[in-house]
Structures are given as structure tokens and as C-alpha cells.
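Below is one structure, written out as C-alpha cells; comments come after it.
The values are calculated or read from the model by the stated rules, or taken from the named source; none is laboratory data. Just so it is clear, the model here is predicted, and its values are computed rather than measured. Cβ placement follows ideal geometry from the backbone for every residue including glycine, while neighbour counts extend to all protein chains displayed. Protein only, heavy atoms only, side chains kept; ligands, DNA and RNA dropped before computing areas. Shrake-Rupley method; radii C 1.70, N 1.55, O 1.52, S 1.80 Å.
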Amino acid sequence: MKMNPDKKNKFMEKYAVFCDMVLLACLFIVTCLPILTIGSSVAAYYHSVNKVLRKGEGYLFQTYMAVWKENMKQGIVLTLFTLIIGGLGAGSVWLVGVLCRNGQMDASFLYLRWLVFLPLVLVLPWEFIYLSRFSDSTGTIIKNSFTLGFARVGVTFLADLIIALTIVIILFMIPALPFILTPLVRLVSRKTEPVLLEVAKSTGNYNPHAWYGEDPLE
């Protein structure tokens, strides 16, 4: 029995999407392996999901690699910045815990110590997707990421949750990565894209002919 042409087309479309998700996940994992390239990999992943998968523009592999290479230097700097901030935060949490247990610091600091991660929580969701969108200096990216983190707390915490889920998936369920990561990125981009579009217009970086177009992303 022959398959209905409409059903066949839908099947092929879903199969193509599945292949793109697998390819994108593989590219992401491989390009993240040097560790310091995580920043440019996140920027390339976010860019590819929105431009290729959501808007159907360009080719996945070429788009991903072009963005990855373009943002390599700044991505490494931002990754180092994030690792340093995270390391200092972890060291501070450990030190305060030791001091509290030894009676050298009030026990209430056992709970307050986690606030040292607040800068990281605010800046992390924005810095790499901001990198994927704008050609600004590294200092400007960090400053604007902090601003967006404070101004858009709800979106920031949603992105933080997705980052945490992604880490869990990579550590414990890596075979599920192709099926879960892209939908998660698509979910968060529905919240972050309008924000970045506002930034583009307010800073004079808006280009109506670029893929920032006013047409809604599907």
C-alpha cells in the first residue's frame, strides 16, 4: 500500500528536522570539547536554531561553523570570564562554610553565601546569545548582559533553568540531547528574541534586511 503524498511529505519534513537536531547536537558536543570554546559553541547553537531551524534560512552545518569561527576569540574570553567568576563563587562558598563550621563566622552566612553566584546567574543566560547577535566589544557584552539580567529577571531565570537542565542532560542523559536541547533553546528564544530585537533598535544595530526581521518566528 502506497503512502499518501501528504503524509509522505510530513514524514520527510519530520525526518529532516530530526536529522538537523542530531547534527546540531553532535556539532555542539564536538565543538565544546576544548572547554574554552563553549562560549562560541553556545552562540553558534543559538544562532543556528533561530536562523536555520526556526526561519529556514541557510544551511545548518555552514551556518553553525561560520558563527562558531566568527565568535571564537570573544567566546574564549567570555568563557574564561564565566569560569573565573564561577570558580571565585565556589571558592567563596567553600571558605564561608569552613569559617561558619569553625565558629569564626555567623551561621546565617551559610545561607547568604550563595548570593555570590548572583552575578553569574544574571549574566550567564545573556552573554553568549548576545554574542551571537551583536558585534560589540567584550566589555560591552558583559555590561549589557548584566543589564538584561536585572531588567528581565523572569526570562533570565527561565534561561538559567534551561542551562541547568542542559548540564544534567549532558552529564547523565547525553543520548537524549538531540531530542531535548533544541526544543529547550527554541522555548527560551521565544522569550529572548523580542528582548534582543528591542536592544538592536535602541542601539541602532537594527537592520530590517537581516534575520532580525519583524516577521514572527514560528
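Tabulated data
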quantity: Test: residue in the range 36-59 that is of a type in the set (A, V, I, L, M), assigned to a loop (DSSP other than H, G, I, E, B) and in contact with a helix residue (DSSP H, G or I) (Cβ under 7 Å, 6 or more places away or on another chain); calculated: yes
quantity: Residue that is among the aromatic types (Phe, Trp, Tyr) and more than 25 Å from Leu33 (Cβ to Cβ), where the choices are Phe179, Phe146, Phe128; calculated: Phe146
quantity: Hey, Leu115 surrounded by 12 or more Cβ atoms within 10 Å (Cβ to Cβ) and either modelled with pLDDT of 80 or more or β-branched (Val, Ile, Thr) (or both) or not; calculated: no
quantity: Helices (runs of 4 or more DSSP H) contained entirely in the range 86-205, each with at least 3 residues that are closer than 17 Å to Ser41 by Cα; calculated: 118-133, 153-172, 177-202
quantity: Checking Val96 against (1) more than 21 Å from the chain's Cα centre (by Cα); (2) under 26 Å from Leu148 (Cβ atoms); (3) of a type in the set (Val, Ile, Thr), the condition it does not meet; calculated: (2)
quantity: Number of the condition not met by Thr147 [criteria: (1) open to solvent by less than 50 Å² (accessible area, probe 1.4 Å); (2) more than 30 Å from Tyr15 (Cβ to Cβ); (3) among the β-branched types (Val, Ile, Thr)]; calculated: (1)
quantity: Residues located in the range 152-176, provided they are more than 28 Å from Cys26 (Cα to Cα) and either surrounded by fewer than 12 Cβ atoms within 10 Å (Cβ to Cβ) or of a type in the set (Val, Ile, Thr) (or both); calculated: Val153, Gly154
